[in-house]
1. If we count every other residue with Cβ under 14 angstrom of Val158's Cβ, Lys/Arg +1 and Asp/Glu -1, where does the sum land?
2. Of the peptides 21-27, 158-164, how do they stack up when ordered by the mean number of other Cβ atoms within 10 Å, highest first?
3. Around Val39, with a cut-off of 14 angstrom between Cβ atoms, what is the net charge of the other residues, counting Lys and Arg +1 and Asp and Glu -1?
4. Please list, in order along the range 98-104, the HN-Hα scalar couplings obtained from phi with the Karplus expression 6.51 cos²θ - 1.76 cosθ + 1.60 (θ = phi - 60°), rounded to whole Hz, x for Gly and Pro.
5. Would you mind computing the Rg to Rh ratio of the range 86-174 from its alpha-carbon coordinates, Kirkwood style for Rh?
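Only the coordinates and a few stated rules stand behind these numbers; no lab work does. Keep in mind it's a predicted model, so treat the numbers as computed, not measured. Here the Cβ positions follow ideal geometry from the backbone for every residue, glycine too, while neighbour counts run over all protein chains shown.
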Amino acid sequence: MTIAVTPFEALCSFQKINSVLENCRACPELVAVVGREAVAALSAAAEKAAPLTPAWPTARWGRRGATARAGAERNSAKHAAPHSLPEGVSAAEAAARREAVVVPALKRVFTRLMTAEQALVKAQLDALMTRIESTSPMLRLPVDELAARIHEQYPHDVGVFCVYLLHHLVLEPSRNCLGT
């Protein structure tokens, strides 16, 4: 376990599969490094795992842009029924099935990233930095700004692309990665 003695930033544990895929859609340079087929396999794994993934309980929390009346109805319901899993599948079994489908595909993406040729990584990082710098500061995504900052500290390091796959945590003194 890591406990921060001073303010500390860390990249740890993989983001949710849909976040990783969204980052791949937003970062063509990452896809160029890991390969379209690896990202397509990850997307297929996410689709295959979708029936085993509980959805956000829209009845309880409402949808984005819901009206005030819908909010009142939402508040009147104590608990909405959670997204149901396939019949006869427990939550633990669903998690194990999701892991069996998604983990190998995610592992392939990460392995392809970490073992990519340095010339390819350098070229794609240069393209990424050019794209980020040409984007208006108001329109830059926080993850792109983080990538640019890490690239300044570690030029042409493959780890810059990890910001699109891993969680970024900012720890204050006496805090740990678990939030305690």
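1. Charge balance in the 14 Å sphere: -2.
2. Top of the packing list down: 158-164, 21-27.
3. It works out to a net charge of +1.
4. 4, 4, 5, 8, 7, 4, x
5. 1.12
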